[in-house]
1. Only one of (1) assigned to a loop (DSSP other than H, G, I, E, B); (2) farther than 30 Å from B:Ala18 by Cβ; (3) more than 7 Å from every other protein chain (Cβ to nearest Cβ) is not met by A:Thr42, so which one is it?
2. Restricting attention to the range B:77-112, and to residues there that are surrounded by 13 or more Cβ atoms within 10 Å (Cβ to Cβ) and at pLDDT 75 or above, which single residue is farthest from B:Val22 (Cα to Cα)?
3. Search the range A:22-38 for residues being part of a loop (DSSP other than H, G, I, E, B) and either modelled with pLDDT of 90 or more or surrounded by 13 or more Cβ atoms within 10 Å (Cβ to Cβ) (or both), and hand back the single one that is farthest from the chain's Cα centre (by Cα).
4. Under 7 Å by Cβ, and 6 or more places apart or on different chains, what pairs join a residue from the range A:27-52 that is closer than 22 Å to B:Ser13 by Cβ with one that is among the polar types (S, T, N, Q) and buried (at least 20 other Cβ atoms within 10 Å of the Cβ)?
5. Mind counting the residues in the range B:8-44 that are on the phi > 0 side of the Ramachandran plot and either more than 9 Å from chain A (Cβ to nearest Cβ) or within 13 Å of the chain's Cα centre (by Cα) (or both)?
6. Modelled with pLDDT of 80 or more, surrounded by fewer than 19 Cβ atoms within 10 Å (Cβ to Cβ) and in contact with a Phe, Trp or Tyr (Cβ under 9 Å, 6 or more places away or on another chain): does that describe A:Gly81?
7. Would it be correct to say that B:Val80 is over 21 Å from A:Ser44 (Cα atoms), more than 10 Å from chain A (Cβ to nearest Cβ) and aliphatic (A, V, I, L, M)?
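The values are calculated or read from the model by the stated rules, or taken from the named source; none is laboratory data. Model, not experiment: these values are computed from the prediction. Cβ: placed from backbone, ideal geometry, glycine included. Neighbour counts: every protein chain shown.
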Amino acid sequence: MQEGRDPIRDMIAESGLDADDYAGVADALATLRSVVPADPPTPSAELAALLTAGTVVALRPRRNSLAVASGVTAALVLASGVAAATNNLPDPLQRFAHDVSEKVLPFEFPDPDRHAQGREGPVQLPEQAKNDTDQGKHVGKGEGGGKTANPGSQEGKAPDKPGKPDARPTTPPTPTPPAPDRPDKPVQGGGEDPGEGDPSGPGAGEQGDQGDQGEDSPSDATTKGEDPGDGGNKGGGKSGDRSLRQG
Amino acid sequence: MELTESTVEDAKSGNRDAVGMVYRVLAPKVLGYLRARGAEDPEGLTNEVFLAVIPRLPSLEGGAAGLRTLVFSVAHARYVDEIRRRARRPVQTAYEQEYDERTTPSAEVTAIEQNGSAQVFGLLSLLGEEQRSVIGLRILGDLSLEQTAQVLGKTTGAIKQLQRRGLENLRQLMTDRDGR
């Protein structure tokens, strides 16, 4: 409402009332305006200082930017934490988060190395099996087809422990003495091979299967014990064939 | 004296003279509004209003009209705070005969009576609280319907209705008084 206009008449008109009927009310309300002094009240010392200094620049925008920055930082930390907890960070960052959590926090973020091994365990298996096969060939060249019982054992063992690659030996198994040297070794696990291993095969003679028995180290025997039938059976059959080809 | 847009812009940028002009133009209206509402210390409240408003000038929007709305929003809020404070902790003072209005009218009442507005104050006091607020803000604060709605946190239609009922009640009260 600008000066020069009569707010009282405006009020009456806006309300849809008859100006003539309300002339008395308008006159009475006009006297109200006499309580408005001509001069402002004397400012207090604090207000006088403010009026003398002019406007104080408010710090509100700075506080707002600080709040926004804090919010963004909190969101980033939260997102990083979630990513670290679900092992979704890049490997170096995940490793760093794991190390830090191991030392500082009461819980640990996943170790990317362990997870990688866990994921790649089954993938590495054929290579390991190949190594073992090579070893078996190497050993078996001079000692008969029975040496290749190990590949057969690995084939039987691998599906049983896909997520535990650490259980596999990382060093080549110590060559064991040939079977004839220990004829009286008790038959374990694949020891049933002689009866089951491809009896109709042309080279699946007793020597190959005997080699299977005799070559098994105690540790192999233990693993064979987990899956005695198939591993020994395949090993026996293959060893017989291979020993034939090699021979 | 009227606030111009350029004066308000200068006040926003911290010009001392412009800030002083804002105070000189609006402080009397605020003081009149607080007096009409019956504030205990209208001068002190007026100071508080401008202590709150001046630091907020740089972020002000809406030019002179926006400034007027802001000033009366703060003034009305301060008045409401005072009323609530009084209701919570009524002040008890020793009896002093010179302040007994039954025998000796106070200086303020004397001044009002001299201005011939005592009867209007008496009539206004018979209106509802919201109707008094609307009429006070519109007449003493020179606020428009929309500005009054902003100050009181209501819709324009509600303010229109309140002022219409207030005017009708005032007329009825005046008719009743003259009829006696």
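1. It fails just one condition, (2).
2. The residue in question is B:Ile83.
3. Start the filter on the range A:22-38 by keeping residues that are part of a loop (DSSP other than H, G, I, E, B), which leaves A:22, A:36-38.
Subsequent filtering for residues that are either modelled with pLDDT of 90 or more or surrounded by 13 or more Cβ atoms within 10 Å (Cβ to Cβ) (or both) retains A:22, A:36-37.
Details: A:Tyr22: 81, A:Val36: 74, A:Pro37: 75 Å.
Only one residue fits best here, namely A:Tyr22.
4. A:Pro43/B:Asn47; A:Leu47/B:Asn47
5. Filtering the range B:8-44 for residues on the phi > 0 side of the Ramachandran plot gives B:14, B:38.
In the following step, the residues that additionally are either more than 9 Å from chain A (Cβ to nearest Cβ) or within 13 Å of the chain's Cα centre (by Cα) (or both) were identified as B:38.
Count: 1.
6. Details: modelled with pLDDT of 80 or more: yes; surrounded by fewer than 19 Cβ atoms within 10 Å (Cβ to Cβ): yes; in contact with a Phe, Trp or Tyr (Cβ under 9 Å, 6 or more places away or on another chain): yes.
Spelling it out, A:Gly81 is indeed modelled with pLDDT of 80 or more, surrounded by fewer than 19 Cβ atoms within 10 Å (Cβ to Cβ) and in contact with a Phe, Trp or Tyr (Cβ under 9 Å, 6 or more places away or on another chain).
7. On the way: over 21 Å from A:Ser44 (Cα atoms): yes; more than 10 Å from chain A (Cβ to nearest Cβ): yes; aliphatic (A, V, I, L, M): yes.
Answer is yes for this residue.
Residue-by-condition table, conditions (1) out of contact with any helix residue (DSSP H, G or I) (no Cβ under 7 Å at 6 or more places or on another chain); (2) closer than 22 Å to A:Leu50 by Cβ:
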| residue | (1), (2) |
| --- | --- |
| B:Ala52 | no, yes |
| B:Pro55 | yes, yes |
| B:Glu61 | yes, yes |
| B:Arg68 | no, yes |
| B:Phe72 | no, yes |
| B:Ala75 | no, yes |
| B:Tyr79 | no, yes |
| B:Ile83 | yes, no |
| B:Thr93 | yes, no |
